[in-house]
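Below you'll find the structure, written out as structure tokens, and then a few comments.
The values are calculated or read from the model by the stated rules, or taken from the named source; none is laboratory data. For clarity, every value in this text was computed on a predicted model and none was experimentally measured. Cβ placement follows ideal geometry from the backbone for every residue including glycine, while neighbour counts extend to all protein chains displayed. Each accessible area value is taken on the protein alone, full model and side chains, heavy atoms only, with ligands, DNA and RNA left out. Shrake-Rupley method; radii C 1.70, N 1.55, O 1.52, S 1.80 Å.
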Amino acid sequence: MRLYLFCTFLFLTCHQEAIAWGFYAHRLINRQAVFSLPPELMVFFKPNLAYISDKAVNPDKRRYAVQGEAEKHYIDLDVYGDSAIIKLPKSWQEAKILHGEDSLRKYGISPWSTYQTFQYLTYAFQKKDRQAILKLAADLGHYLGDINVPLHSTENYNGQNTGQYGIHGFWESRLPELFAQDYDLFVGKAEYMDDPRNEIWKAIEMAHVALDSVFSFEKSLTNNFPEDQKYSYENRGGITTRVYSRAFSEAYHQMLAGQVERQMKKTIKLIADFWYSAWILAGQPDLIQLAPKNLRPFIEIDSIESPQDSIKNVREHQSIFTDPEAPFWRSSDRKLYYWQAFRRYCERRPRFLPKG
């Protein structure tokens, strides 16, 4: 019993540390996207702003414990050779026929699974299911954020193949947390998208093109930066942690010439457009009655599961992907918990494990 309690405490401590440090950008992006929505959606989303923002990190929480989650955060385009964006089928069914489901899952399924989440959100709007709308909107914001991160589109996702280990957290977390307060994140009003699936692939393509500067600038800066000044140490949650120094971070940020800010703005606009388009496709349901004026605030208590063997075989998998058309609703007359739908996926262990 003591050992169990100790392991639980250790997991929660590490888990909270990862949340506090790694997910700042996801929360900020989801929050900003709400302010681009039209009044018809704002009346529902703004009262639930705290939920939409806080739960933006839920997919990353599930990545370490829930079956089939990890592969939904990335796609390794470089393993498919040149012109992968053009060659890969946009339809999940066609992609399975061409490459086989095992191969697709091994190298990530983010474009297909993100589109599936969009379809689920559209259906949630049709059903006027308040709980499902909030959960799926928060999740969709996270997945759209991931596809706009260049390092989520390559097998060299953390610089492990080029001697740049740690660059993933550097680009995605360290830079936004240091400099996002100076970003102009106003993106204008949400717009309807004629082809949401194609917009997902366009975003991935643009992020992948940015990889060259992400790696080359860091390599060049490292070669010309005093070795003993590249890293520093900061206290995080009572733990002394090695981080990229502010001087190195500022130099890299300047070399990127606004790249992180641009990708964040693209993500914010994309999320708002996707939420708005899902609502349009659902028939523009009236959401005033779902606003929490006469309802209790929606509070979700996250369940935390200890991952099993989470540090072993981190790029192996065996899973089943539910087709986008497959229904997963339990009942429109009861509270909906779509958690069970994710349990239908089999396990694919995470690529990015917390350190420290």
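Restricting attention to segment 82-102, the residues that are open to solvent by less than 50 Å² (accessible area, probe 1.4 Å), of a type in the set (Gly, Ala, Ser) and at pLDDT below 95 total 2.
Listed by position, the helices (runs of 4 or more DSSP H) enclosed by segment 19-84 that each have at least 1 residues that are basic (Lys, Arg) are 24-34, 58-63. If you go through segment 181-206 and keep only what is closer than 15 Å to Ile268 by Cβ and acidic (Asp, Glu), you end up with Asp184, Glu191, Glu199.
Residues in segment 130-156 that are assigned to a loop (DSSP other than H, G, I, E, B) and open to solvent by 20 Å² or more (accessible area, probe 1.4 Å): Glu155 only.
Kindly establish whether Asn148 is without any contact (Cβ under 8 Å) to a residue 40 or more places away in the chain and closer than 30 Å to Lys230 by Cβ.
Here the answer is no, as Asn148 does not meet what is asked.
Which residues, taken from segment 64-81, are open to solvent by less than 20 Å² (accessible area, probe 1.4 Å) and not hydroxyl-bearing (Ser, Thr, Tyr)? Of everything in segment 64-81, those that are open to solvent by less than 20 Å² (accessible area, probe 1.4 Å) and not hydroxyl-bearing (Ser, Thr, Tyr) turn out to be Val66, Gly68, Glu69, Ala70, Glu71, Lys72, His73, Ile75, Asp76, Leu77.
List the number of the failed condition for Asp102; all other conditions in (1) of a type outside the set (Lys, Arg); (2) assigned to a loop (DSSP other than H, G, I, E, B); (3) out of contact with any Ser or Thr (no Cβ under 6 Å at 6 or more places or on another chain) hold. The one condition Asp102 does not meet is (2).
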